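Written below as structure tokens is the structure these notes are about.
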Amino acid sequence: MSETIGYVHSVESFGAVDGPGVRFVVFMQGCPLRCLFCHNPDTWKMNEGEQMTATELFSQIKTYKNFIKKGGVTFSGGEPLLQPDFLYEVISLCKKEGIHTAIDTSGAVPLSTCKHVIEACDLVMLDIKDIDKEDCIQLTGQSNTNAMNILNHCDFIGRDVWIRHVLVPQYTYNAEKLHRLGKVLSWYSCIKKIEVIPFHKMGEYKWDYVDTPYQLTDIPSATPQQVNKAKEILKQYGLPV
Ligand code: SF4
């Protein structure tokens, strides 16, 4: 049987911010969203990057096995769940070697296409970009329906979830929104951690690469005070912020 080919944008051998412990991070190519704050637009196109089989990628991961034994592998992007069969194959190989696997996803694909991958991995790091569906479309090009369906399924099967929420002044930095977010997230026992990530413009220059005007030039970066304020609101709902 021939193996599925994956499109990989790049890898990082020692990631420290993409999951527990020291991680080997695989950035997958392709993303269906168009977040206004995206700092990796060079991952958007699907059939770019390096083509490799699951075995080829796994042999790279295995080289680092000793370094990541208290961490693991994180599949990020782009949107890794756009390549579910490839991901499933690599995760299965990691599991056989006892390597912890995390998926860093925007939850932008239907649950029906990625359920097997969610069930195979150890941790889902899920972006909730905007708790309000209409505003989410404005901010990312899609509503949060797929992401919420994935979160529901994680709760159903008891898969650990870390929520990531980017705080964008004039968009998601809004007390009412944060209260709504806190209230909804408080219903889920699968959520083990919530990361509030300040918006920054460090990836702005990459938008030239995709020939798309960057719309947030005039929006300031989120300040540490704003991040603290957002965290305080979420803590009111008993969340692990
Ligand atoms: S999901 Fe990530 S890669 Fe995709 S557009 Fe949004 S920020 Fe960029």
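Here is how the numbers come out for the structure above:
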item: In segment 4-35, the residues that are at positive phi and among the basic types (Lys, Arg); result: none
item: Failed condition for residue 142, given (1) part of a strand (DSSP E or B); (2) in contact with a helix residue (DSSP H, G or I) (Cβ under 8 Å, 6 or more places away or on another chain); result: (1)
item: Condition met for residue 81 (more than 27 Å from residue 217 (Cβ to Cβ), touching a residue at least 24 places away in the same chain (Cβ under 8 Å) and surrounded by fewer than 22 Cβ atoms within 10 Å (Cβ to Cβ)); result: no
item: Flag if residue 152 is of a type outside the set (A, V, I, L, M, F, W, C), part of a helix (DSSP H, G or I) and under 16 Å from residue 31 (Cβ atoms); result: no
item: Cross-chain or 6+ apart pairs with Cβ under 6 Å, segment 90-114 first and more than 17 Å from residue 156 (Cβ to Cβ), then at pLDDT below 95; result: 102/19; 104/18
item: Residue that is farthest from residue 179 (Cα to Cα) [pool: residues in segment 193-241 that are part of a helix (DSSP H, G or I) and open to solvent by 70 Å² or more (accessible area, probe 1.4 Å)]; result: 208
item: Conditions (1) in contact with a strand residue (DSSP E or B) (Cβ under 7 Å, 6 or more places away or on another chain); (2) at pLDDT below 95; number of the one not met by residue 195; result: (2)
item: Subset of segment 119-136 [more than 19 Å from residue 214 (Cβ to Cβ) and either in contact with a His (Cβ under 8 Å, 6 or more places away or on another chain) or surrounded by fewer than 17 Cβ atoms within 10 Å (Cβ to Cβ) (or both)]; result: 119, 122, 123, 127, 128, 133, 134
item: Residue count, segment 152-180 (criterion: away from the ligand (no atom under 15 Å from the Cβ) and under 25 Å from residue 229 (Cα atoms)); result: 12
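The values are calculated or read from the model by the stated rules, or taken from the named source; none is laboratory data. What you see is a predicted model, and the numbers here were worked out from it, not measured in a lab. Cβ sites come from the backbone with ideal geometry, for glycine too, and all protein chains shown count toward neighbours. Calculation scope for accessible area: heavy atoms of the full protein, side chains included, ligands and nucleic acids excluded. Shrake-Rupley method; radii C 1.70, N 1.55, O 1.52, S 1.80 Å.
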